[in-house]
Amino acid sequence: MLIDEETENKEIAKQYKDLLKISYLQLSAVDKKLIRLAFNTAVDAHKTQRRKSGEAYIFHPIAVAKIVASEIGLDATSIAAALLHDTVEDTEYTLDDIERLFGNTVAKIVHGLTKISHLKKDKDVSLQAENFRKMLLTLNDDIRVIIIKIADRLHNMQTMDAMPEYKQVKIASETLYIYAPLAHRIGMYNIKTELEDLSLKYTEPNRFDAIKDKIEQSQEEQTQYIKAFSKFLKTSLDKEDLNYFIKGRSKSIYSIHKKMQKQSINYEQVFDKFAIRIVYKSMPKDEKFLAWKIYSIVTDHFTPNPTRLRDWISSPKSNGYESLHITVMGPNNKWIEVQIRSERMHEIAEKGYAAHYRYKQGDEKDSGIEGWLNRLQEVLESKDSSAIDFVENFKLNLYAEEIFVFTPQGELKSLPQGSSALDFAYSIHTEIGSKTRGARVNGKLVPLSRTVKSGDSVEIITSQNAKPTANWLDYVITSRARNKIKSSLNEEKNKIAEEGKEILRRKLKHLRVENNEKTIQQLVLYFKVNSSLDLFYRVGLGTVDNRKLKEFATTYNNSFLNFFKKRLRAKPGKSIAEGEGFVSRYDKLVFGKEREELQYKLSPCCNPIAGDKVFGFVTINEGIKVHQYNCSNAVSLQSSYAYRIVPAWWIDSGEQEFTAELVLHGIDQQGLVNQVTRVISNSMNVDIKKINFQTEEELFKGTLTMRVNNKQTLKKLKQRLLKITGIEKVARQ
């Protein structure tokens with residue numbers, strides 16, 4: 001390829017001048033000097049590099065800096081960091097060089113961007129999930145790292161034509177999976193929309209082209225409709241001396257695609273393909289008043305749909321989005337969404353975090369962004385979730401529509417749509433969540449799993465005896481609640497394991513078996529568990545009981561060498577868990593919230609084995625196929641066919657809870673029911689679901705429905721109940 005260096009250098013110089021012209025913020029002489037130095041450094045660093053398309057590599061960092069400067073609107077420090085974002089990763093420049101030339105802040109941002117890129121070299125993890133987690137960890141340093149990374153991804157998506165198709169699909173799927181939701185959460189709606197549309201262009205090109213053609217064909221019709229709408233309102237709006245403009249906003253190609261897919265309809269049946277925006281100038285103190293004045297004028301002319309009113313001015317979204325949305329019956333009897341917002345609100349919607357920063361001066365903090373960062377910090381500090389769990393849980397909260405729920409004191413809480421009463425409890429405080437016994441929604445008692453809706457008033461009932469159970473994980477969708485419940489369950493498991501360790505010590509002493517590390521390891525192998533913690537936990541639960549320990553002792557005393565030689569002869573390079581003779585403790589695969597056992601096939605593309613992190617994918621002809629979460633096809637399936645993904649878990653049937661029903665008979669006496677419930681409450685790992693007592697001529701019959709871990713737990717409970725005065729018989733139904 002013949003390169004005209006003189007023409008190329010002129011174009012590079014032109015791009016640099018454009019960068020200075022399009023900056024959203026006013027640049028001082030010092031700012032321009034910083035950007036010039038960053039530009040010269042980047043040109044020098046990348047002077048020998050070229051992109052896949054053949055153009056000089058320097059065009060990429062300049063393009064990223066232009067996105068940062070104009071579309072996102074960050075400051076000179078960010079523009080400089082964007083110009084330098086690939087220097088430490090791809091050139092001879094070091095981080096020390098950057099710090100020496102540009103100072104600590106720019107170096108810190110470049111370092112954060114380099115840390116993200118370096119992770120790609122790790123082949124043993126789900127790259128997308130770990131990349132996302134790593135990227136979010138950089139928020140501890142500076143949120144600008146994330147924003148520049150999103151700008152970097154946007155330019156890469158804009159210039160992917162030279163790449164092979166398989167790479168285009170992979171990068172596009174990753175963008176849908178990670179970057180678009182993140183741009184949405186930071187409030188960068190324009191960039192989020194472009195990322196989604198570009199992703200669809202590469203993942204489903206035929207669908208993309210078809211929708212794009214239809215939108216272009218209807219452009220003239222939309223323009224005429226907006227003119228007709230504006231004509232109705234102009235006189236009334238002008239009477240109020242409002243400084244405003246009215247413009248149309250087409251629904252994005254991707255959002256039309258999602259609506260067609262979700263509702264199984266064609267393009268013509270999507271009725272809200274575009275919306276009308278009324279943007280007005282206002283002093284901050286008059287913004288709300290003027291929004292409702294414009295609302296009044298619009299609804300004087302057009303009939304509103306009362307169920308489609310969205311007031312995000314009184315209660316802004318947690319990412320700071322403010323606007324008043326109404327749907328009215330417009331000209332030609334067509335429903336049309338009207339968005340009413342001030343110039344300030346419009347800038348925040350377009351630019352996201354940067355506009356927040358501009359409008360929040362002095363010491364005043366942006367509570368939306370600050371609150372989000374604080375919640376994010378809690379999620380990042382959780383050590384209980386895998387990278388995939390982390391992404392799935394966090395992404396759910398990134399993209400979910402928000403609802404607003406009241407506390408009994410009238411305080412407004414923001415939650416993702418689909419949140420339960422238990423999610424609400426954890427959003428108030430971890431201690432309240434973990435002690436939740438029940439909930440009242442609008443004054444009525446409801447199950448903890450009940451989904452709450454915008455406008456609900458929720459009161460949480462707590463009890464010192466309440467504690468999280470494994471079932472609670474099925475009731476919540478927020479990352480905070482899931483992580484706190486998992487942490488609590490782990491604490492409970494450790495507590496039971498400590499008790500089990502002491503019980504095991506006493507049992508081994510009684511059986512005259514030496515209690516040392518070697519014996520514990522042999523017990524781990526004998527009972528086919530993964531660790532000593534699992535062993536102690538099962539002893540504490542009673543799954544490993546006296547009879548089983550006696551059998552072990554017999555084996556230990558009579559055929560120690562023959563029995564353990566076979567199990568300790570693991571192949572070189574394998575852990576004991578992978579050695580010959582070991583059977584995984586994960587022996588059952590279950591699907592969905594109900595943890596059902598369904599027919600399935602293991603996918604040959606990743607060959608999952610018991611214990612792997614997996615998910616089910618509903619195929620058209622072959623039923624459920626099970627894939628590993630870090631399977632090469634996982635991201636594509638998750639991003640393109642999310643509605644066909646079924647959660648799946650390998651479980652240990654030895655630890656699985658089951659429902660049992662006990663029937664009690666005896667002589668009735670005062671306080672009997674109270675004594676029964678106290679015994680059950682004090683029994684570890686027993687969760688009562690239903691209780692019913694009937695009395696006839698001084699005799700009673702009681703039925704108890706409970707969730708228990710195993711038969712040993714149930715056996716112990718029966719023995720304790722029989723000790724209560726008046727109870728003659730306890731039998732399992």
Percent breakdown of C-alpha pair distances by 10 Å bin, ordered from the shortest bin, for the stretch 478-556: 18, 49, 19, 10, 3, 0
How far apart, in nm, are the 7 Å Cα→Cβ label points at SER218 and ASN494? 5.7
Give the Kirkwood hydrodynamic radius (Å, one decimal) of the stretch 1-51, defined as one over the mean of 1/r across all pairs of different Cα atoms. 12.4
Shape descriptors of the stretch 47-115 over alpha-carbon atoms, Rg and Dmax in angstrom, are 12.1, 34
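Express in nm, to one decimal, how much length is gained between LYS17 and GLU240 on full extension, taking 0.36 nm for each residue of separation and deducting their alpha carbon distance.
76.1 nm
Starting from the stretch 200-283, pick out the trypsin sites (Lys or Arg not before Pro) whose DSSP state is loop and whose Cβ has at most 14 other Cβ atoms within 10 Å.
Values: sites: LYS201, ARG207, LYS212, LYS214, LYS227, LYS231, LYS234, LYS239, LYS247, ARG249, LYS251, LYS258, LYS259, LYS262, LYS273, ARG277, LYS281; in loops: LYS251, LYS273, LYS281.
Listed in order of number, the matching sites are LYS281.
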How large, in Å, is the stretch 214-359 by the Kirkwood hydrodynamic radius built from its alpha-carbon pairs? 16.2
Taking Cα atoms only, Rg over Rh for the stretch 455-516 with Rh from the Kirkwood formula is 1.25
Neighbourhood charge, 14 Å Cβ-Cβ cut-off, centred on VAL446 and excluding it, Lys, Arg +1 and Asp, Glu -1: +2
Mind jotting down the three principal axis lengths of the stretch 146-288 based on Cα atoms? Whole angstrom, largest first. 58, 36, 27
Cα-Cα over 18 Å: which of LYS231/LYS334; LYS239/LYS293; LYS149/LYS192; LYS453/LYS486? LYS453/LYS486
State the extension gain, in nm to one decimal, for the chain segment bounded by GLU551 and SER70, taking 0.36 nm per residue of separation less the distance between their alpha-carbons. 165.8 nm
Across every pair of different alpha-carbon atoms, what Kirkwood hydrodynamic radius in Å does the stretch 588-651 reach? 11.6
Show me the three semi-axes of the equivalent ellipsoid for the stretch 412-515, from the C-alpha gyration tensor (sqrt of 5 times each eigenvalue), largest first, rounded to whole Å. 38, 13, 10
At LEU602 and LYS509, where each label point lies 7 Å from the Cα along Cα→Cβ, what is the point-to-point distance in nanometres? 4.4
Would you mind giving the three semi-axes, in whole Å and largest first, of the ellipsoid equivalent to the stretch 658-732 according to its Cα gyration tensor? 20, 12, 11
Measure off 7 Å from each Cα along the Cα-to-Cβ vector at SER449 and SER250, then give the distance between these two points in nanometres to one decimal. 4.4
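Read-outs throughout are calculated quantities, based only on the coordinates presented, and are distinct from any laboratory measurement. The model shown is predicted, which means the values in this text are computed figures rather than measured ones. Note that we place each Cβ from the backbone using ideal geometry, even for glycine, and neighbour counts take in every protein chain shown.
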